[in-house]
Every structure is written in structure tokens, then in C-alpha cells.
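Written out below as C-alpha cells is the structure these notes cover.
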């Protein structure tokens, strides 16, 4: 658990770099740190303009869940990657990317370190092109099932506080002590699949 907390702290640092790298007010003292980060962890990060209406409609309809934290309005999106037949892509069933509200609502791919340490995931096929079990690298205890709901739309489900729920948000709360970030807690937020009531479960890294 100590290692996992350290990994989330690295993710916080990675997002800090994303925030300041294009900022007009970027301090000169940050430049060596940014250069090191970019050279080690962020080779060839592609960007896609996503402010058009069609992208936003797709973002809403295909989103499985998002990962947010309290230090930035930017968030990581996990999205169903659908074929024309409305089934999940066999090779890449789930897409993952940053939605950068602080950079004019563009998307950016997660970096190698972000994928390996926290935001990446493992997929186990339950039913080809239709149902998968997803486990985040940083939170392996909480399995997420990706499958269609009653309307035929792919959503993500997990057990939240002992209740089967549709997962909407994984929220990470960071606190800073003497300039060093640490993970205070994670919230799993969703809705009860039977009552549609909001439900949450808090997870404390040890």
C-alpha cells in the first residue's frame, strides 16, 4: 500500500506538469524538471481538438467512467471503443485519454508512466466483444465489469458499499503537506442499478 500511495503521488506530479507546461506564467525554475519529465515519461504525446459538438456527444454516450481529483478540472476518460455493429472492438475494447479542460478542451493520451502506474488497466474477457472485467493497475481490489445496460449501451459496473452499482466516477483526494502531495482517500461514486440512487464508497490507501 505504501508503494501504491507513492505511485498516486507520481500521478499528481504528472498532472502538475501537464498544467504548467503550456502556461504563459510558467516559472523558469520549472524548465529543467519539465525537460526531465518529458524525456523520461512523455514521448510523442498526441493531441486532438475535441471542442466540436459531435465529439462531445460521443464523449457522453460512450463514456464508461472517469477518474477525477481535487487538484485539477482535467480528468481521465474511460470510453467504450465501439465497432460499426455496436460491439466492442476485439483488440482494444476500452479507450483511455485525458480530457484537458485547462487547455481548451482537447484530449491527450495518457503517458507511459501514467498507464503503467495508475490509469492503465488489465482486461479479462467474459464474453467476446460484449463483456469484460477491468482492473485498474492502481486499484486491483475493485473489479469493474464493462457490459451493456438494458438499453443496449455499454456501461461500467462494480460493487460499491456491497451494492451492485453503475460506476460513474473514481475521485482521488490529494492533500499537500510541506509542498509534498499524498493521497488522502479515493471515492468510488455511482448509482444503484435497482433504485438509481447515488451511492459512494471511500477507500483509504495504507
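Within region 115-133, can one find any residue that is at pLDDT below 90, in contact with a helix residue (DSSP H, G or I) (Cβ under 8 Å, 6 or more places away or on another chain), under 30 Å from residue 175 (Cα atoms) and surrounded by fewer than 16 Cβ atoms within 10 Å (Cβ to Cβ)? Among the residues of region 115-133, not one is at pLDDT below 90, in contact with a helix residue (DSSP H, G or I) (Cβ under 8 Å, 6 or more places away or on another chain), under 30 Å from residue 175 (Cα atoms) and surrounded by fewer than 16 Cβ atoms within 10 Å (Cβ to Cβ), which makes the answer no.
The set of residues from region 114-129 being closer than 16 Å to residue 157 by Cα and touching a strand residue (DSSP E or B) at 6+ places or on another chain (Cβ under 7 Å) comprises 121, 122, 123, 124, 125, 126. Screening residue 183 against (1) surrounded by fewer than 19 Cβ atoms within 10 Å (Cβ to Cβ); (2) over 20 Å from residue 79 (Cα atoms); (3) touching a strand residue (DSSP E or B) at 6+ places or on another chain (Cβ under 9 Å) leaves a single unmet condition, (1).
Scanning region 174-188 for residues that are at negative phi and either more than 14 Å from the chain's Cα centre (by Cα) or modelled with pLDDT under 85 (or both) returns 174, 175, 176, 177, 180, 181, 182, 183, 184, 185. Residue 83 meets all of the listed conditions (1) touching a strand residue (DSSP E or B) at 6+ places or on another chain (Cβ under 8 Å); (2) surrounded by fewer than 16 Cβ atoms within 10 Å (Cβ to Cβ) but one, namely (1).
Output the residue which, of all residues in region 121-131 that are assigned to a strand (DSSP E or B) and over 17 Å from the mean Cα position of the chain (by Cα), is nearest to residue 151 (Cα to Cα). Restricting to residues being assigned to a strand (DSSP E or B) and over 17 Å from the mean Cα position of the chain (by Cα), the top hit is 131. Among the residues of region 155-180, those that are surrounded by fewer than 15 Cβ atoms within 10 Å (Cβ to Cβ), in a strand (DSSP E or B), free of Cβ contacts under 8 Å to residues at least 24 places away in the same chain and in contact with a strand residue (DSSP E or B) (Cβ under 9 Å, 6 or more places away or on another chain) comprise 175, 176.
The values are calculated or read from the model by the stated rules, or taken from the named source; none is laboratory data. What you see is a predicted model, and the numbers here were worked out from it, not measured in a lab. Positions of Cβ are generated from backbone atoms using ideal geometry, with glycine treated the same way; all protein chains shown enter the neighbour counts.
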